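Structure record follows, encoded as structure tokens.
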Amino acid sequence: MNKAEKLSVVSYRGTRDFYPEDMRIRSWIFDRMKETAMSFGYEEYDGPMLESFELYAAKSGEELVNEQLYHFFDRADRHVAIRPEMTPTVARMVAARINDLSRPIRWFSFPNLWRYEKPQRGRLREHWQFNVDILGSDSIGADQEIIEIAIQVMIRLGAGKNDFRIHISNRRMLTYFLHQILDLPEGIWGGVCRAIDKRSKIPHETFEEMLRELELTSHQISELGRYLSLSHQNIDQHPVSESDGYGELRQIWNGLSESGLDTFCTLDLSIVRGLDYYTGTVFEMYDLAPENRRALFGGGRYDNLVGLFSKDRLSGVGFGMGDVTVRDFLEIHGLIPNPEPPIQVHVALFNEELRRSSGAIASLLRSAGYRTTLQLDPVKLAKQFKWADSKSIPIVILQGPDEKKQNLVQVKNMLTHSQQVVSERDLVETVRQSLAGD
Ligand code: HAM
């Protein structure tokens, strides 16, 4: 093939290649998330990446379906979509086994999701999202547990209380406000929610313009502004404090205060979430560092989603935490750990005749639990050591013909440049001590 015939294929815009060093960081992050979910008794599940289009058309929200969904007709003319989020899948899966699953159902997952979004900081077209959901409980304790898990994940990732805040609100309370206080017709509630959801990303005039287009009066617009800026200190004096939604919010807050977690949270009535299925508690987490303005994760309570697929009603509450924003967060706060060396021991090869015994040494170390590579070609020893150094391998083992005769091996510690000759019998223990820095 000459130069002109070479394919110029680059990766699809908005996706990432994960090289081994990226995979190491990703696994480290996912392990912390998984450990946290499991410590609360959650079980892992997964689902297909391709679902039928209707699954999202029903409840995922206008922007997600009309602007961001990857959908097409398969070879048999079925209208399918690549999952942009996991919540409809988990609701469908639970509905399919509704009578067999004992409740509450505590599940977590790590799906990769696709959204046709403009690639930018914190937003890509493919991302992985840690999903944690509890289904089959109407208790406000479930909302509290979900928020607590999210906080514990951040703590396990190394974050402190000055690094992030969870902004909490309640959709039922907002509905009460729009309906009972502003007296707005139901037909425009969705539009008002979308305007509120966009508010922090658009100029104030554009926000007001959106509301005027929905036929809100100046009085209603200013009342809405007042509502959105209510805080902990003054919400009790506002008429919205008579709503059931506010009662739920209060209960969650009290629970969080009792466990000392309220320091990680703030009341923020401008949180509405862009997805249509949320009905009660809604929350988003933000980095306190100004460079990272995107929500790190979001979630909430959805009372009617499972009912779309089953005659039974089953409520749920959960969150989705994206890997892109979490990684940005960890980088900004210097929390990405130094990776563990992927290879712990390299067994050098003196010459072809010693291949079998060197191979046996490598097998012995692997069975003892050490990540071990074996030199493939008996090139110059200096070259073998140089390679081990370039891979940051802490230990190199060498057995030459003289050592072989006496069942001995050389153990070189590449970090301290020290070297010892030990019997084959003592090899595993010597490696253990060297790696532990003893
Ligand atoms: P969401 O707010 O659409 O919620 O997404 C949750 C999180 O996923 C976001 O806060 C962000 O971290 C990440 N994320 C979303 N889109 C992208 C993107 N294009 N690139 C990178 N990261 C992104 C949901 O998806 C709900 N289904 C979550 C949920 C679970 N609610 C209840 N259970």
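Would you confirm whether or not the stretch 186-196 contains a residue that is in contact (Cβ under 8 Å) with a residue 12 or more places away in the chain, assigned by TED's automatic domain parsing to the domain that holds LEU275 and farther than 23 Å from TYR227 by Cα?
Kept after step one, since they are in contact (Cβ under 8 Å) with a residue 12 or more places away in the chain, are these residues of the stretch 186-196: 188-196.
After this cut, where a residue has to be assigned by TED's automatic domain parsing to the domain that holds LEU275 as well, the list is 188-196.
Filter once more, keeping what is farther than 23 Å from TYR227 by Cα: none.
No, because not a single residue in the stretch 186-196 is in contact (Cβ under 8 Å) with a residue 12 or more places away in the chain, assigned by TED's automatic domain parsing to the domain that holds LEU275 and farther than 23 Å from TYR227 by Cα.
Of the conditions (1) under 19 Å from the mean Cα position of the chain (by Cα); (2) open to solvent by less than 40 Å² (accessible area, probe 1.4 Å), VAL94 satisfies every one except a single condition; which number is it?
(1)
Name the pairs whose Cβ atoms lie under 8 Å apart, with the first residue in the stretch 305-320 and among the hydroxyl-bearing types (Ser, Thr, Tyr), the second modelled with pLDDT of 85 or more and part of a strand (DSSP E or B), and 6 or more positions between them or separate chains?
SER315/LEU135; SER315/ARG301; SER315/TYR302
How many residues are among the charged types (D, E, K, R) and within 16 Å of TYR70 (Cα to Cα) if we restrict to the stretch 83-122? Can you show your working first?
Residues of the stretch 83-122 among the charged types (D, E, K, R): 83, 85, 92, 97, 100, 103, 106, 115, 117-118, 121.
Retained after the next criterion (residues that are within 16 Å of TYR70 (Cα to Cα)): 83, 85, 115, 117-118.
Number satisfying all stated conditions: 5.
Out of ALA91, ALA96, ALA142, I need the residue that is among the aliphatic types (A, V, I, L, M) and under 18 Å from ALA37 (Cα atoms). Which one?
Details: ALA91 fails: under 18 Å from ALA37 (Cα atoms); ALA96 fails: under 18 Å from ALA37 (Cα atoms).
The unique qualifying residue is ALA142.
Just one of the numbered conditions (1) at negative phi; (2) in contact with a Pro (Cβ under 9 Å, 6 or more places away or on another chain) is not true of ALA91; which one?
Here ALA91 meets the rest and fails (2).
GLN344 - would you say it is touching a strand residue (DSSP E or B) at 6+ places or on another chain (Cβ under 9 Å), surrounded by 14 or more Cβ atoms within 10 Å (Cβ to Cβ) and under 25 Å from GLU21 (Cβ atoms)?
On the way: touching a strand residue (DSSP E or B) at 6+ places or on another chain (Cβ under 9 Å): yes; surrounded by 14 or more Cβ atoms within 10 Å (Cβ to Cβ): yes; under 25 Å from GLU21 (Cβ atoms): yes.
So GLN344 fits the description; yes.
Scanning for something open to solvent by less than 50 Å² (accessible area, probe 1.4 Å), more than 16 Å from the ligand (Cβ to nearest atom) and either under 28 Å from PHE110 (Cβ atoms) or in a loop (DSSP other than H, G, I, E, B) (or both), does the stretch 303-316 turn up at least one residue?
Of the stretch 303-316, the ones open to solvent by less than 50 Å² (accessible area, probe 1.4 Å) are 303, 305-307, 310, 314-316.
From what's left, more than 16 Å from the ligand (Cβ to nearest atom): 310.
Subsequent filtering for residues that are either under 28 Å from PHE110 (Cβ atoms) or in a loop (DSSP other than H, G, I, E, B) (or both) retains 310.
Yes, because at least one residue in the stretch 303-316 is open to solvent by less than 50 Å² (accessible area, probe 1.4 Å), more than 16 Å from the ligand (Cβ to nearest atom) and either under 28 Å from PHE110 (Cβ atoms) or in a loop (DSSP other than H, G, I, E, B) (or both).
Taking LEU64 and the conditions (1) outside any helix (DSSP H, G or I); (2) of a type outside the set (Ser, Thr, Tyr); (3) closer than 19 Å to GLY322 by Cα, which numbered condition does it fall short on, given that it satisfies the others?
(1)
Could you name every one of the strands (runs of 3 or more DSSP E) located completely within the stretch 386-432 that has at least 1 residues being in contact (Cβ under 8 Å) with a residue 24 or more places away in the chain and open to solvent by less than 90 Å² (accessible area, probe 1.4 Å)? Break it down into steps so the answer makes sense when it comes.
Values: elements: 395-398, 408-413, 418-423.
Hits in the stretch 386-432: 395-398, 408-413.
Taking the stated definitions as given, is PHE177 in contact (Cβ under 8 Å) with a residue 24 or more places away in the chain, buried (at least 22 other Cβ atoms within 10 Å of the Cβ) and farther than 30 Å from HIS333 by Cα? Walk me through it before giving the result.
Values: in contact (Cβ under 8 Å) with a residue 24 or more places away in the chain: yes; buried (at least 22 other Cβ atoms within 10 Å of the Cβ): yes; farther than 30 Å from HIS333 by Cα: yes.
It is true that PHE177 is in contact (Cβ under 8 Å) with a residue 24 or more places away in the chain, buried (at least 22 other Cβ atoms within 10 Å of the Cβ) and farther than 30 Å from HIS333 by Cα.
Being over 22 Å from the mean Cα position of the chain (by Cα) and modelled with pLDDT under 95 is the requirement here; does GLU67 meet it? Don't jump to the end; show me each part of the working.
Working: over 22 Å from the mean Cα position of the chain (by Cα): yes; modelled with pLDDT under 95: yes.
Taking the combined requirement at face value, the residue satisfies it.
Quick one: in the stretch 12-26, which of the residues that are free of Cβ contacts under 8 Å to residues at least 12 places away in the same chain and outside any helix (DSSP H, G or I) is surrounded by the fewest Cβ atoms within 10 Å (Cβ to Cβ)? Break it down into steps so the answer makes sense when it comes.
Of all residues in the stretch 12-26, those free of Cβ contacts under 8 Å to residues at least 12 places away in the same chain come to 17-19, 22-23.
This time we only want the ones that are outside any helix (DSSP H, G or I), so: 17-19.
On the way: ASP17: 6, PHE18: 12, TYR19: 8.
Taking the candidates together, the pick is ASP17.
Residues checked against (1) in contact with a helix residue (DSSP H, G or I) (Cβ under 9 Å, 6 or more places away or on another chain); (2) surrounded by 11 or more Cβ atoms within 10 Å (Cβ to Cβ):
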site	(1), (2)
TRP28	no, yes
THR36	yes, yes
GLY41	no, no
GLU44	yes, yes
GLU51	yes, yes
GLY61	yes, yes
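Quick test of your reading of the structure: ARG24 fulfils all but one of (1) modelled with pLDDT of 95 or more; (2) assigned by TED's automatic domain parsing to the domain that holds VAL324; (3) closer than 23 Å to TRP114 by Cα. Name the failing condition by number.
Evaluating ARG24 over (1) modelled with pLDDT of 95 or more; (2) assigned by TED's automatic domain parsing to the domain that holds VAL324; (3) closer than 23 Å to TRP114 by Cα leaves (1) as the failure.
Are any residues in the stretch 113-131 open to solvent by less than 30 Å² (accessible area, probe 1.4 Å), in a strand (DSSP E or B) and closer than 20 Å to MET285 by Cα, and if so, which ones?
Hits for the stretch 113-131 are LEU113, HIS127, GLN129, PHE130, ASN131.
Select from the stretch 349-370 the residues that are among the polar types (S, T, N, Q) and not in a helix (DSSP H, G or I) and list them in ascending order.
From the stretch 349-370, those among the polar types (S, T, N, Q) are 351, 357-358, 363, 367; that's our starting set.
Of everything in the stretch 349-370, just one residue is among the polar types (S, T, N, Q) and not in a helix (DSSP H, G or I), namely ASN351.
Could you list, ordered by first residue, the pairs with Cβ atoms under 6 Å in which the first is in the stretch 279-292 and closer than 13 Å to ASP268 by Cβ and the second is hydroxyl-bearing (Ser, Thr, Tyr) and more than 10 Å from the ligand (Cβ to nearest atom), at least 6 apart or interchain?
Between residues of the stretch 279-292 that are closer than 13 Å to ASP268 by Cβ and residues that are hydroxyl-bearing (Ser, Thr, Tyr) and more than 10 Å from the ligand (Cβ to nearest atom), the close pairs are VAL282/SER169.
On the given criteria, is ARG103 within 16 Å of the ligand (Cβ to nearest atom) and either of a type in the set (D, E, K, R) or more than 25 Å from the chain's Cα centre (by Cα) (or both)?
Answer is no for this residue.
Condition test on SER169, is it outside any helix (DSSP H, G or I) and touching a residue at least 12 places away in the same chain (Cβ under 8 Å)? So that I can check it myself, show each step before the final result.
Details: outside any helix (DSSP H, G or I): yes; touching a residue at least 12 places away in the same chain (Cβ under 8 Å): yes.
Yes, satisfied.
For the stretch 318-338, enumerate the residues that are touching a Lys or Arg at 6+ places or on another chain (Cβ under 9 Å), more than 19 Å from THR87 (Cβ to Cβ) and within 15 Å of the ligand (Cβ to nearest atom).
Going through the stretch 318-338, the residues touching a Lys or Arg at 6+ places or on another chain (Cβ under 9 Å) turn out to be 318, 322-325, 327-328, 336.
Among the residues that remain, those that are also more than 19 Å from THR87 (Cβ to Cβ) are: 327-328, 336.
Of everything in the stretch 318-338, those that are touching a Lys or Arg at 6+ places or on another chain (Cβ under 9 Å), more than 19 Å from THR87 (Cβ to Cβ) and within 15 Å of the ligand (Cβ to nearest atom) turn out to be ARG327, ASP328.
The values are calculated or read from the model by the stated rules, or taken from the named source; none is laboratory data. Because the structure is a prediction, the values reported are computed rather than measured. Note: ideal-geometry Cβ built from the backbone for every residue, glycine included; neighbour counts use all protein chains shown. The accessibility values were calculated without ligands, DNA or RNA, using every heavy atom of the protein model including side chains. Shrake-Rupley method; radii C 1.70, N 1.55, O 1.52, S 1.80 Å.
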